[in-house]
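Student: Take this structure first; my questions come after.
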């Protein structure tokens, strides 16, 4: 959340599709990260809405999102509720869960730990592996095959 709240327009490069969030955590945090196209599309629309209100044109380096932490968390909770991800008796989906989901999806897609670390902007890949590289549920069924192949009992 701190990274999203620190984002400024000067850090958004819609031409090459990258975000540069500087000075938020570690030296590794200063590395640019790629944007997926739906995010770039939403940022273009957001910039257009701001320009329509005369805000972007007069405050080019204003904070991208002028929400405070509580409002951001409330919005994430509401999105989780709307998506049916927050049943009774279960801790509600929060901001850091989005980061865990990103890491899990990248690992499930077969991306390497250094690649996932770069996207998460970890300076040390060990942090990524320690925190995020648990068994991905969608890959659990493949585990038996991988073990069979590793121990010579099967073919992949």
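No value in this document is a laboratory result; all are computed from the given coordinates. Computed from a prediction, not measured in an experiment: that's the story for all the values here. Cβ sites come from the backbone with ideal geometry, for glycine too, and all protein chains shown count toward neighbours.
Student: With r as the distance between the Cβ atoms of residue 91 and residue 44 and R0 = 41 Å, compute the FRET efficiency 1/(1 + (r/R0)^6) and round to 0.05.
Tutor: That pair, residue 44 with residue 91, gives E of 0.75.
Student: Which order do the peptides 100-112, 82-94, 118-130 come out in when sorted by mean C-beta neighbours inside 10 angstrom, highest first?
Tutor: Top of the packing list down: 118-130, 100-112, 82-94.
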